[in-house]
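So the structure is just underneath, and the comments pick up after that.
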Amino acid sequence: MIAELLAPAGSYEALRAAFLAGADAVYLGGERFGARAYAVNFNKEALLGAIDEAHLFNKKLYLTVNTLIKDDELEDLYDFLLPYYKAGLDAVIVQDTGAMKRIRECFPGLHIHASTQMTVTGYHGAKLLQEQGVCRVIPARELSAEEIRKIRETTDLEIECFVHGALCYCYSGQCLMSSFMGGRSGNRGRCAQPCRLPYDVYQNGRKISDRNSSYPLNTKDICTVELLPKILKAGVDSLKIEGRMKRPEYTAGVVSVYRKYLDLLAEDPDRFSTEQEDLDLLWNLFNRDGFSRSYYYTKNGPEMMALKNEKASGDIQRKADDAYRKIQEEILSKEPKITLKAEAEVCAGKARLVLAEGCTIDSAESTEVYDAKNRALSAEDLEKQLSRTGGTPYRFEFEKTAVDDGLFMPVSAQNELRRAALAAFKNQKLSHFRRECETMEKDAEIYNSGKICDNKLSIAVMPSELGQLLAAEELPQIDRVYIPAGLFAEKEWQEEARKLQRLGKEVSIALTVPSRNADRPEYSGLIRMAAELDFSFLSGSVEDTALLLEWGLEDRIRLDSGVYTMNSESMEFWHGQGIVRDTVPLELSRKELKRRDNRFSEMIVYGRIPLMVSAQCVMKNYGRCSRDNAKLVLRDRRNYRFPVYCDCFACRNIIYNSVPLSLISRKEEVKELQPGGVRFVFTDEPAEQVRSLLNSWIQEEPYREDFEFTRGHFNRGVE
């Protein structure tokens, strides 16, 4: 097989459609833990049936467990997965490192695929996951073909990449926009897709968008069928189609086109070319103002965006309906069939039917054979009756049929012989996939690092402007200062960092989130210089964390909130790598945080929360790229304004919440959670406000916010 063709199955009908159209495997969600909570997910009975059906058709089935999981839910994960593990589930697709650790321990025979929600952006992170038992990685969709090739060359992991369907604006797994705007967390499978809504775009107070460009976050769907030879050359093992919320006709149509060209590549790569008719079919099934070719050979840009978001006209809808009808007639109207080699023999007192497919062979016998009183049974009669496999997915191809002369066998006995042989064949084939559970459930428990903490509530600040840094520097109560890596590249910031160190404050370099820079000399050089200066690091990505671990700096790492420690198992996972310090998850409520061991965690108590981190650039997409760390504003339909920062050092956009998070007036409640420290994150605040906010925490007097703010998920949490 040149590469696996992996299709979405949001329903049983879509699963059948995928297999009929030529998919090698499907991925789907169960009733819990999947990133499409609003899809028609499979209940237990349907999922067990789907696993068996996939295996009978020599296909594979992967289950999505790709959400962040809370501690109380971890207790249910074992019972949820156990029946599917026993049935022979081929793999789970996982986001949460705690879930990954639990699955590896409880179900050692189950393959683990690292979800794109893990935001794996390079080979350092991929190698770390491989060491922890992952066998396949689904890297961030923003990676280029060259970056994918490096993962292939430096690991033994299988690589799965998206080739068709919807594309998120934000790095998957790093989006909090739906969560903070409406309480529906993308990390919990409930994304409300605010990226598909209109926004006005402002630069320096002047509106730069219009009616033809009012969807600045709306990415086109991707279509890469024309790039298949190059994608395969980069080392991709599995080609993934997005669309678990789509109709079965969509699944069948897209799969059929990609199947055709994968087969063509396998037969004769030199003859590879796409036909317009097939491209038209993909276009008519669904597109957003056209297609893009994803990030394989394009860094970003307006050609990847559906800024206008034109609604489907009557003509477009008619073409879509015609495409659906064609797929119904040519693909979905057919019955899936499995061809079995058959040998039948009838002799005095005994009949036998042997069925075979590959290495699977089984048989059944009957003693209902008698001397014929009238018309004797012929080989043709026997084959005709045994071939009546309607209602089953099988068809027989007889290689041998022998019937002795003068014998009779009732039709009911022939039917029973067929049923018994099919049942025996099915049971034997599926028995190869069945497993016994080799371990017992591990009870969920509150994680405790085992290390001693002095319980001093440290205060940390992260400035984004030099004036903010200088204001914080004046206060002796500040224990730690985070300097963003892009700013640390500037000489003035390096000098201030050394000055802070001389003042006895901890200096920590905040690494870009997510990281695509590990092999950039200027980036890795900054990290090495910081390490030589005894600075510590705030790491918000698996990639940078893995790089620092390779350099033996685990005792200087604090995980940022983008490396999720949503449950005690995930904390224990990172503790196993030598990393104890982290950041309190932003999507847990106060009630949930009370169950968590926060002694070595830092809690963000003030600051605009980054809602999206994107490889796209609003400035560039509006034709205004200036490479000077520009700032923009997005205004939504309710008149909320979201700052957009262009980080030109890492070529990315950060979209911040419209108002800052503030827990300053809830200081006593924060202290009850016993965090190891608190963090203030500053974006556009003037120096005087920085002093005021910090003093409001340091001083013991009661405080009430006199500005617009949010408590985030402190009170409500997420579902």
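The values are calculated or read from the model by the stated rules, or taken from the named source; none is laboratory data. Values in this document were obtained by computation on a predicted structure and should not be read as measured data. Virtual Cβ from ideal backbone geometry, glycine too; neighbours counted across all protein chains shown.
Things worth noting here:
- Long-range neighbours under 6 Å by Cβ, at least six apart or interchain, first residue at pLDDT below 95 within region 694-711, second buried (at least 16 other Cβ atoms within 10 Å of the Cβ) and in a strand (DSSP E or B): GLU705/SER662
- Filtering region 377-391 to residues that are surrounded by fewer than 15 Cβ atoms within 10 Å (Cβ to Cβ) and farther than 13 Å from ALA344 by Cα leaves ARG388, GLY390, GLY391.
- Sole exception among (1) closer than 23 Å to GLY486 by Cα; (2) buried (at least 21 other Cβ atoms within 10 Å of the Cβ); (3) in contact with a Phe, Trp or Tyr (Cβ under 9 Å, 6 or more places away or on another chain) for PRO585, by number: (1)
- Residue within region 99-107 that is touching a strand residue (DSSP E or B) at 6+ places or on another chain (Cβ under 9 Å), farther than 28 Å from SER294 by Cβ, in contact (Cβ under 8 Å) with a residue 60 or more places away in the chain and surrounded by fewer than 24 Cβ atoms within 10 Å (Cβ to Cβ) present: yes
- Beta carbons closer than 7 Å, at least 6 apart along the sequence or on distinct chains, pair a first residue in region 144-163 that is within 13 Å of GLY125 (Cβ to Cβ) with a second that is among the aromatic types (Phe, Trp, Tyr) and crowded, with 18+ Cβ neighbours inside 10 Å for LYS150/TYR123; ILE151/TYR123; THR154/TYR123; THR155/TYR123.
- Remark: GLY10 falls outside the filter, which requires a residue to be free of Cβ contacts under 8 Å to residues at least 60 places away in the same chain, in the same structural domain as LEU81 (by TED's automatic domain parsing) and either aromatic (Phe, Trp, Tyr) or over 25 Å from ILE231 (Cα atoms) (or both).
- Applying the criterion of being part of a helix (DSSP H, G or I) and without any contact (Cβ under 8 Å) to a residue 40 or more places away in the chain to the residues of region 528-543, the residue that is farthest from the chain's Cα centre (by Cα) is GLU532.
- Residue check, ASN66 assigned by TED's automatic domain parsing to the domain that holds GLY133, farther than 27 Å from MET571 by Cβ and at pLDDT below 95: no
- Test set (1) in contact with a helix residue (DSSP H, G or I) (Cβ under 6 Å, 6 or more places away or on another chain); (2) closer than 30 Å to LEU307 by Cα; (3) surrounded by 22 or more Cβ atoms within 10 Å (Cβ to Cβ) - VAL613 fails condition number: (1)
- Condition check for ASP289 on (1) part of a loop (DSSP other than H, G, I, E, B); (2) surrounded by 20 or more Cβ atoms within 10 Å (Cβ to Cβ); (3) of a type in the set (Asp, Glu): one failure, at (2).
- Of the residues making up region 455-478, those that are in contact with an Asp or Glu (Cβ under 9 Å, 6 or more places away or on another chain) and surrounded by fewer than 17 Cβ atoms within 10 Å (Cβ to Cβ) are LYS456, SER458, GLU465, LEU466, LEU470.
- Selection count, region 699-714, where residues are surrounded by fewer than 12 Cβ atoms within 10 Å (Cβ to Cβ) and not charged (D, E, K, R): 3
- Odd one out for LEU68, checked against (1) aliphatic (A, V, I, L, M); (2) closer than 18 Å to SER185 by Cα; (3) part of a strand (DSSP E or B): (3)
- For region 666-687, the condition holds for at least one residue, the condition being that it is of a type in the set (Val, Ile, Thr), in contact with a Lys or Arg (Cβ under 7 Å, 6 or more places away or on another chain) and more than 23 Å from GLY183 (Cα to Cα).
- Residue list for region 393-415, filter: outside any strand (DSSP E or B) and exposed (fewer than 15 other Cβ atoms within 10 Å of the Cβ): ASP404, ASP405, GLY406, PRO410, VAL411, SER412, ASN415
- Those strands (runs of 3 or more DSSP E) of region 191-261 in which 1 or more residues are closer than 19 Å to TYR640 by Cα and either touching a residue at least 24 places away in the same chain (Cβ under 8 Å) or of a type in the set (Gly, Ala, Ser) (or both) occupy 200-203.
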